[in-house]
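The values are calculated or read from the model by the stated rules, or taken from the named source; none is laboratory data. Fair warning: this is a prediction, and the values are worked out from it, not measured in the lab. Cβ sites come from the backbone with ideal geometry, for glycine too, and all protein chains shown count toward neighbours. Accessible surface areas use protein heavy atoms only, side chains included; no ligands, DNA or RNA. Shrake-Rupley method; radii C 1.70, N 1.55, O 1.52, S 1.80 Å.
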Amino acid sequence: MLVNLTFYYGKILTCAIILMFLGSDKMQKPNMIEAQKRGHLKTKVLTNDYNIPSDMQSYGVNKKYYIETYGCQMNVHDSEAVKAILEDMSFTNTKDLSAADLIIINTCAIRENAHNKVFGKLGQLKNLKKNNPNIMIGLCGCMAQEEVVIDLLFKKYQWLDFVFGTHNIYKLPFILKEAITKGELVVEVWSKEGNIIENIPFKRDSNYKAWVNIMYGCDNFCTYCIVPYVRGRQRSRRPNYIMDEVQELIKAGYKEITLLGQNVNSYGRDFIDQNYDFADLLTDISKTDIDRIRFVTSNPWDFTDKMIEVIKNNKNIMPYIHLPIQSGSNKILKLMGRRYTKEDYIELFNKIKSNIKNVSISTDIIVGFPGETEEDFQETLALVNELKFDFAFTFVYSPREGTAAIKLKDNVSEDEKKERLYQLNKLINKYALANNQKYLLQTVKVLIEKQDVKTGLLTGYTETNKLTYCKGDLSDIGKIVLVQINKVKTWSLYGERNF
Ligand code: 5AD
Ligand code: SF4
C-alpha cells in the first residue's frame, strides 16, 4: 500500500489511511525493522500515470528552470526526468541560477557532507527568494525521503515552494500546480516505495551515452547505508520495457548505455512470475546493435559464473567492473552487514581477472567504521596492495540516522579517520598510475564525448573506463576512435588519434 503524505505550510493534512498505516500523523522515520518487514509485494507497472494537467502544459512558456544535482548516477538520471517533465510544461533550461524562474535542488543523503552542501545551497537560495519572491524553489531526491530533513524544512525552510520524494517525480506537474495555487510550501513524499512508472520522459545530458534504469531500490541493508530507506525495496523493471528503451536509444544514435541499479546482480530476483536474471538481461541487450554496455553497481555477492561468461563472450559488454569491497577486515565486513569475507572477494576478483581479458576493476572503501582498529585498517591496505585496483572511491564513515550502524560506538577519532583516508588514497593513487602505465604505446578504443574547454583536446573513455585525451576534429565527437597512448597520469591517458 502506498501512502501519500501531503503537508502544507503551517498545518499538516493527514487522512485516515495514513493513520491506519503509520499509526501517527508523521512521516515514517527510516526504521530498519519496519523496512525489513516490507517483503516481496507485487510491483505494479503503470504505463499511463505520468501526465500534465492541461493548464500546466504551457505554464513554463517564457520561463527558465535551473537544476542542481548532488550524488550518484541514479540522481543524475532522475534529474534527466525532472528536466524532461519541466520541458513538457514548456520551461527552457538555463545554467545561470540568477536567470531562473524555477530552481530545483536534487539532493543526496548518503553522507553528512552531502547534507551540508545542500543546506549551504539553501542558504544562498533564501537570499535569491528574498530579493525575488516570484522565483519558485523546490527540493527533491534522497534527502526529501528523510524524516529528520522534512522536520527541519518545516521548522526553518518554509520559504521553499515545494518538496517531493524519489517516488514522486512523475507527479511534479501536479505538485507545482498546487504550490502555485496555494502559495504555500507543498511537500509530497511517499514513505513507502512506489510502483514502476513506465511513461516518464528523459531529457538526456548526452547524445551518445545514456543511463538506463533496470531496477529501483535496494534490499541489502548494509548497516551504514541509508539507500534502502530513501529508495525503497528492490523493484526490477520488466525486461520488455528495458529492451524497448535500449532499441529507442539505438535508433536515436546512442553508442553506449549504462544499466543502473543499486545491486544489478540481483536484478529479477523480485519477479514472481518469471525466472529472468541479470545475465539473461545482459545476454538480450548484447544481441542488439548497441556498441557499448556498462552497468553499475555490481556487488560481490550474487556475482554469478553465468554473468562472468556473458561478459566474457560479448564484445559489446565493456570489460570494466565496479565491485565495492568497503573494507579488508572480515570483522568490519561483518559489522557492515556485507555478505562476503575478504577471502570470498579475493576469489571473485581473481576469477573475474582471469576470465575477462584486460578487465579493469574499481571499488568503494569506507574508513573509520565504528570498531575499525589500526589492525583492521592495515588489513584494508594489505588488500589494496594485493589486488591493485584500477581505481577506488574512498570515504570516511558517516553515521546516518535510522541505519543499524548508528547504534555502534563511533570510536575512531576524526584525526585518525583523516589520516587513514590519506594513507589509503596514497596507495590507491599509486596503483591507479601503475595500472595506467600498462597502456603506454597501446592502441585503445575511445568514445569521444566532447572537447575539453581547458586544453582544447577531445576527451572520452576507453572500454575499460579510462578517461583519455587526444587531438582531433570536432566531427569525432560521438564516434568510437582508435587512440595510441603516449603519456599517462594517475587519472587519465593521453594519446594520438590513430587513423
Ligand atoms: N558513510 C560513508 N560512506 C558510505 N557509503 C554509503 N553509505 C556510507 C556512509 N554512511 C559509500 C559506500 C557505497 C558508496 C556508494 O558510498 O562505499 O558503496
Ligand atoms: Fe547501500 Fe549496500 Fe544497498 Fe549498496 S548494496 S545501496 S551499500 S545497502
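Assorted remarks:
- Debye equation applied to the C-alpha atoms of the range 62-154, log10 I(q)/I(0) at 0.21, 0.26 Å⁻¹: -1.10, -1.42
- Set 353/407; 171/192; 357/388; 130/156 screened for pairs whose C-alpha atoms are more than 26 Å apart: 353/407
- The length gained on full extension between residue 287 and residue 274, counted as 0.36 nm times the residue separation minus their Cα-Cα distance, comes to 2.6 nm.
- Surface accessible to a 1.4 Å probe, per residue, for the residues of the chain, Å²: 44 Å²
- The residues neighbouring residue 250, those whose beta-carbon lies less than 14 Å from its own, together hold a net charge of -1 under the Lys/Arg +1, Asp/Glu -1 convention.
- Share of carbon and sulfur in the accessible heavy-atom surface of the range 198-437 [1.4 Å probe, %]: 49 percent
- When a 1.4 Å probe is rolled over the protein heavy atoms, the share of accessible surface on the range 443-497 that falls to carbon and sulfur comes to 49 percent.
- Order of exposure, largest accessible area first, which applies to 497, 294 with probe 1.4 Å: 497, 294
- Listed by chain and number, the aspartates and glutamates whose alpha-carbon sits under 12 Å from that of residue 306, ignoring those within fewer than 8 places in the same chain, are 277, 280.
- Neighbourhood net charge (12 Å Cβ-Cβ; Lys/Arg +1, Asp/Glu -1) for residue 86: 0
- Across the range 274-318, the convex hull enclosing all Cα atoms gives 81 Å³ per residue.
- Label point at residue 433 placed 7 Å out along Cα→Cβ; residues across the range 468-499 whose backbone nitrogen lies under 19 Å: 468-469, 486-495
- Cα long-axis angle, helix 374-387 against the chain (0 to 90 degrees, to the nearest 10): 60 degrees
- Each other residue within a Cβ distance under 11 Å of residue 99 adds +1 if Lys or Arg and -1 if Asp or Glu, for a net charge of +1.
- Alpha-carbon centroid distance for the pair the range 446-478 / the range 299-337, whole angstrom: 28 Å
- Nearest-ten-degree value, helix 73-88 long axis tilted from longest Cα axis of the chain: 50 degrees
- The charge dipole of the range 443-497, taken about its Cα centre with unit charges on the Cβ of Lys, Arg, Asp and Glu (plus for the first two, minus for the last two), comes to roughly 140 debye.
- Pairs of lysines in the range 443-497 (C-alpha under 21 Å apart; 8 or more residues apart or interchain): 20
- Relative contact order computed over the range 21-188 (Cα-Cα under 8 Å; 6+ residues apart), in percent: 22 percent
- The mean of 1/r over all pairs of different alpha-carbon atoms in the chain, once inverted, gives a Kirkwood hydrodynamic radius of 24.2 Å.
- Compared with the dominant Cα axis of the chain, that is its longest principal axis, helix 342-355 is turned about 60°.
- Eligible aspartates and glutamates near residue 331 by straight Cα distance, threshold 16 Å, same-chain separation 8 or greater: 343, 344, 372, 374, 375, 376, 379, 410
- The distance between label points at residue 498 and residue 61 comes to 5.6 nm (points 7 Å beyond Cα on the Cα→Cβ vector).
- Label separation (residue 314 vs residue 207): 2.7 nm, computed from points 7 Å beyond Cα along the C-beta direction.
- A dipole drawn for the range 198-437 from +1 and -1 charges on Cβ atoms has a positive end, and of 348, 337, 261 the residue lying farthest that way is 261.
- The range 47-70 versus the range 100-160: alpha-carbon centroid distance in Å: 19 Å
- The range 418-450 residues near the modelled residue 486 label - backbone nitrogen below 20 Å, point 7 Å along Cα→Cβ: 436-448
- Residue-averaged 222 nm ellipticity for the chain, from DSSP H runs of 4+ at -39500 (n - 2.57), nearest 500: -10000 deg cm²/dmol
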